[in-house]
Amino acid sequence: MIRLEGLHDRIAIIGGGIAGLVAALELAPQPVVLITRAGLGQECSSAWAQGGIAAAFGADDDPARHLADTLRAGDGLCDATVASGILSEAADAIAVLERYGVRFDRAQDGTFALAREAAHSRRRILHIGGDRTGTEIMSALTRAVQHCPSITCLSGVEARRLVTADGCVVGVHLQAMGQAAVFRTAQVIMATGGCGGVFDASTNPSGNFGQGLAMAARAGAALRDMEFVQFHPTALDAAQAPLALISEAVRGECAILIDQTGKRFMEHIADAELAPRDVVARAVHQVIASGGRAFLDARTAPGAGFAKRFPSIQALCATRGIDPARDPIPVRPAAHYHMGGIAVDQTGRSTLPGFWAIGECAATGLHGANRLASNSLLEAVVMARRAANDVANSKMRARAFVPNPAALPDPDPRSVRPMMSLHLGVVRHRAGLRQMISNLLPQVQFCGPASDPALVALAIAVFAEKRRASCGGHYRSDFPDPAINARSNRMNLTEILSHASSVDQEPQLRTA
Ligand SMILES: Cc1cc2nc3c(=O)[nH]c(=O)nc-3n(C[C@H](O)[C@H](O)[C@H](O)COP(=O)(O)OP(=O)(O)OC[C@H]3O[C@@H](n4cnc5c(N)ncnc54)[C@H](O)[C@@H]3O)c2cc1C
């Protein structure tokens with residue numbers, strides 16, 4: 001039973017990760033309803049972050065250098081103005097987290113302890129307890145939310161649809177235990193995180209397949225750059241879902257990548273193991289696609305210091321009988337982060353009135369075609385603050401009474417996942433994309449358990465089909481050349497379906 005008495009017309013925040021929690025806290029004392037499928041801090045990528053949060057605090061660093069690294073990783077697709085604005089608010093974002101009780105690791109002189117990650121030209125990753133950053137941030141934020149009287153949490157409740165009238169948001173269709181109810185509100189902040197759960201091999205919580213993207217698209221909001229999925233090169237290669245992550249910070253501490261013969265395979269590539277993630281992921285993919293295996297070799301560095309610097313990864317490896325100081329760690333690429341998402345402006349506003357999106361489900365333009373490691377937690381905090389401020393200053397009353405709807409079938413991405421990993425993984429090709437589009441279209445149009453995951457998958461496939469060039473996380477083996485003058489793309493659901501139908505009707509697909 002979903003109890004909504006006395007709550008209608010409050011601001012709704014959907015998602016209990018870092019973005020949702022910071023937005024709720026920053027809106028205080030305005031009353032908000034925080035809706036999470038799992039409990040606070042549960043089933044969210046935020047709690048799993050190992051590396052940390054990027055901020056230019058080093059004596060040899062500044063936001064301009066951080067921006068230059070971000071733009072380089074983004075492969076020409078970042079919005080430089082947006083990126084500059086977000087990165088220049090990093091120190092404020094860290095101060096806000098500290099205000100909510102987050103305590104970052106410090107060096108002996110009291111300054112922040114800074115780690116280095118791939119494609120960062122400086123040490124600029126703040127962390128907590130070595131590799132426990134996400135867990136510790138979410139514990140502190142959860143405590144702050146629990147002590148904040150203006151926040152009402154609806155845990156175990158899933159948002160399934162945005163309800164609209166006259167082109168504006170007027171409510172959210174919620175479901176729990178097979179029952180449905182509409183929460184009436186004219187202000188919704190989406191913070192549902194990434195879409196890794198739509199892939200077979202992913203580091204994200206399996207239940208998060210991009211529900212926010214499906215809701216946004218169905219309500220008419222534009223999606224942006226959906227093809228750009230970042231594949232982490234070093235997920236622990238084990239038979240489990242989701243795959244556990246071996247943080248990039250391990251390569252930052254000089255661990256190297258070797259194949260099954262012990263040969264180092266990144267040596268001759270610019271920046272070697274610290275090249276941008278898409279470059280490293282393709283190299284690891286190549287080794288595995290040619291029948292080999294890839295390993296992260298931390299035996300020489302960090303070597304004996306591994307357990308102290310990376311206690312969680314040490315414990316994780318121990319469950320598989322691996323001691324990183326003595327054994328190479330088997331790794332493979334896995335869907336890890338979504339650069340694309342709900343198209344938003346610099347305050348988190350989407351193209352749909354009354355609807356904001358923040359965190360990983362949103363696409364601001366910061367990451368371009370490839371996220372620079374540890375910029376995502378930073379973006380989530382900065383955009384949560386901005387959206388909270390914008391929502392607080394744009395009062396809207398709910399306009400319509402909306403009757404409670406019938407319950408929708410529980411979403412199930414299992415039928416979609418194998419196709420995604422096969423055709424929309426590290427390497428993509430026209431034939432596979434077209435086959436996917438053809439398979440997914442009927443699933444999207446039929447209201448069954450697969451229709452929401454199929455919609456997310458279809459949107460990624462359509463954007464990927466349209467971008468006939470290789471760029472950042474999007475690599476087409478049929479168009480391997482880098483994109484010239486690459487541009488960001490936006491499409492709404494009507495445009496996505498129309499492009500999908502035209503691809504589906506192409507004669508070569510029928511004969512394929
Ligand atoms: C293993 C791992 C390690 C990472 N390490 C780092 C790192 O070191 N540094 C960094 O910057 N980034 C890192 N990232 C990325 C970063 O963690 C995420 O981008 C960020 O945490 C996303 O925050 P979020 O609040 O947008 O989403 P999440 O933290 O994923 O939270 C999403 C929330 O939405 C809820 N939800 C989803 N759908 C619904 C629905 N329909 N109804 C109600 N609730 C819903 C979920 O239950 C969850 O509470 C990592 C990601 C992973 C997976």
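Can you spot a residue in segment 185-194 that is over 23 Å from the mean Cα position of the chain (by Cα) and surrounded by fewer than 22 Cβ atoms within 10 Å (Cβ to Cβ)?
no
Regarding Ile35, is this residue within 8 Å of the ligand (Cβ to nearest atom) and within 12 Å of Ala384 (Cα to Cα)? Can you show your working first?
Values: within 8 Å of the ligand (Cβ to nearest atom): yes; within 12 Å of Ala384 (Cα to Cα): no.
No; evaluated as a whole, the condition is false for this residue.
Does segment 224-249 hold any residues that are under 17 Å from Met339 (Cβ atoms) and buried (at least 24 other Cβ atoms within 10 Å of the Cβ), and which are they?
Asp225, Met226, Glu227, Phe228, Val229, Gln230, Phe231, His232, Pro233, Glu248
Determine which member of the set Gly368, Gly354, Gly348 is closer than 16 Å to Ile86 by Cα, buried (at least 21 other Cβ atoms within 10 Å of the Cβ) and out of contact with any Lys or Arg (no Cβ under 9 Å at 6 or more places or on another chain).
Gly368
Residue-wise test of (1) on the phi > 0 side of the Ramachandran plot; (2) surrounded by 22 or more Cβ atoms within 10 Å (Cβ to Cβ); (3) not in a loop (DSSP other than H, G, I, E, B).
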site	(1), (2), (3)
Leu71	no, no, yes
Cys78	no, yes, no
Thr81	no, no, yes
Ser84	no, no, yes
Leu87	no, yes, yes
Ile94	no, no, yes
Arg103	no, no, no
Arg122	no, no, no
Gly129	yes, no, no
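Go over the candidates Ala380, Ala406 one by one and state the one that is outside any loop (DSSP other than H, G, I, E, B), of a type outside the set (Phe, Trp, Tyr) and either at pLDDT below 95 or within 16 Å of the ligand (Cβ to nearest atom) (or both).
Answer to the check: Ala380.
Could you please let me know if Ser290 is hydroxyl-bearing (Ser, Thr, Tyr) and over 25 Å from the mean Cα position of the chain (by Cα)? Outline the logic, then answer.
On the way: hydroxyl-bearing (Ser, Thr, Tyr): yes; over 25 Å from the mean Cα position of the chain (by Cα): yes.
The answer is yes for Ser290.
Kindly list the number of the only condition in (1) closer than 25 Å to Gln50 by Cβ; (2) among the β-branched types (Val, Ile, Thr); (3) not in a helix (DSSP H, G or I) that fails for Val182.
Failing condition for Val182: (1).
All but one of (1) crowded, with 23+ Cβ neighbours inside 10 Å; (2) outside any helix (DSSP H, G or I) hold for Ile269; state the number of the condition that does not hold.
Single failed check for Ile269: (1).
Just one of the numbered conditions (1) touching a residue at least 12 places away in the same chain (Cβ under 8 Å); (2) of a type outside the set (Ser, Thr, Tyr); (3) in a helix (DSSP H, G or I) is not true of Gly432; which one?
(1)
For segment 241-262, which positions are away from the ligand (no atom under 13 Å from the Cβ) and in a loop (DSSP other than H, G, I, E, B)?
Glu253, Cys254, Ala255, Gln260, Thr261, Gly262
So in segment 345-366, with the set limited to residues that are in contact (Cβ under 8 Å) with a residue 60 or more places away in the chain and of a type in the set (Val, Ile, Thr), which one is nearest to the ligand (Cβ to nearest atom)?
Result: Ile358.
Tally time: how many residues in segment 204-223 are out of contact with any Leu (no Cβ under 7 Å at 6 or more places or on another chain) and either of a type in the set (Ser, Thr, Tyr) or surrounded by fewer than 23 Cβ atoms within 10 Å (Cβ to Cβ) (or both)?
Looking only at that region, the number is 4.
The values are calculated or read from the model by the stated rules, or taken from the named source; none is laboratory data. Keep in mind the model is a prediction, meaning the values are calculated, not measured. Positions of Cβ are generated from backbone atoms using ideal geometry, with glycine treated the same way; all protein chains shown enter the neighbour counts.
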